[in-house]
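The values are calculated or read from the model by the stated rules, or taken from the named source; none is laboratory data. Note that the coordinates shown come from a computational prediction; the quantities given were computed from them, not determined experimentally. As a convention, Cβ positions derive from the backbone with ideal geometry for all residues, glycine included, and neighbour counts pool all protein chains shown. Keep in mind that these areas ignore ligands, DNA and RNA; they rest on the heavy atoms of the full protein, side chains included. Shrake-Rupley method; radii C 1.70, N 1.55, O 1.52, S 1.80 Å.
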Amino acid sequence: MTLASTQPRRAAPPPSEDHRALRERCGLLDRSERGKLALTGAGAVEFLNGQVTNELADLRPGEGRYAAFLTHKGKMLGDLRILALGEDPAQPPAELLLDTERVALQGLFDMIRRFKVGYAVELHKRTLERGLLSLIGPAASSVAGSQDLAADEHANAPVQLEGVSALAVRTAEGIDLICDAAHTERLAAVLLERGALRVSAEAAECLRVERGRPRYGIDMDESTIPQEAGLNERAVSFSKGCYVGQETVARLFYRGKPNRHLRGLRLSGPAGTDDQLRLEDRPVGRLGSVALSPALGPIGLALVRREAEPGAVLDVGENGVTAEVCELPFSAREPQRR
């Protein structure tokens, strides 16, 4: 699976204080390595709206959307966050800032460069020019000084923190701050002074898995249709005009049933990304993200065939580990011991 070689083979337990900070206070994680592009020009919204799964025509400065970009057969090339920037919320955005997994960056860049011909659109690289710091936890808004930011996910507004300019972006877990790359370390120091606690990437990944949010390159790849990964509600509009891959996505939604579903797995022991999953000796998928949760024990995410319904017990890999299939997000009940 894409990116498997760059991910820990088996989940390491996050430090308990990191997990507590994410749950009860405010954790700080540098995610500047994520892929970032920008689109400017009068045709930016019209162009991108014809390429991605979510509706952008009504997007105004201070708002954002989550979307996927697909092949003509409806398979995912990546997912992205689209942030509309500009001074006047009554006018179209002056810039669209695109944030994606680093593994999907080249595909996004190639798609834009290939299809923007004929549109009044300029493409700008931002990955190395912009830093990205994530504040995760219930105190994130107060630490970021963004208590007045709209509650909608992807809402965004400029902020000033001790002389450092940044864009505050609402997330499901807290606030992201995007700044000039040269100011990232200074901004991190300010956030630590304001009460944030540095946390490990493993702790943040554990929280993501607990909440059942798939990650492109680990839980989703170029074989995935958005509905299989449970993305329709967040990432797909069924009332917008045409976009690449729309026919497959719409046909599956209105007339069909996906062959696979994103599920949670309660593991009986250590297991690794890409381990084969079997139901009565029949392969039904491969393990995606894995985490060792302080609250839930070993858990994972996987796209599994629909016959592996919640409650089914799967064999994982070749070391006698089993997994109970469950709905997402994970509940807080004690994991079963086998």
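Quick notes on this structure:
- You can think of it this way: the chain between residue 87 and residue 124 has 11.4 nm of extra reach, that is 0.36 nm per residue less the Cα-Cα gap.
- Using C-alpha pairs under 8 Å with a sequence gap of at least 6, the mean separation divided by the residue count of segment 171-270 gives a relative contact order of 22 percent.
- Cα convex hull, segment 46-128: 96 Å³ per residue, rounded to a whole number.
- Bridgeable lysines around residue 116 (alpha carbons under 19 Å apart, same-chain partners fewer than 8 residues away excluded): 36, 125.
- At q = 0.10, 0.13 Å⁻¹ the log10 of I(q)/I(0) for segment 52-198 amounts to -0.37, -0.62, computed by Debye summation with a single uniform scatterer per C-alpha, solvent ignored.
- Cβ-derived FRET efficiency at R0 25 Å, residue 250 paired with residue 282, nearest 0.05: 0.25
- Spherically averaged projected area of the convex hull of Cα atoms, the chain: 17.0 nm².
- Taking the chain and dividing mean pair separation by its residue count, relative contact order in percent (alpha carbons under 8 Å, at least six apart): 21
- Using the Cβ-Cβ distance between residue 295 and residue 73 with R0 set to 56 Å, the FRET efficiency from 1/(1 + (r/R0)^6) comes to roughly 0.90.
- The chain, accessible area per residue, ligands and nucleic acids excluded (1.4 Å, Å²): 46
- Heavy-atom surface analysis with a 1.4 Å probe gives segment 154-274 a carbon and sulfur content of 48 percent of its accessible area.
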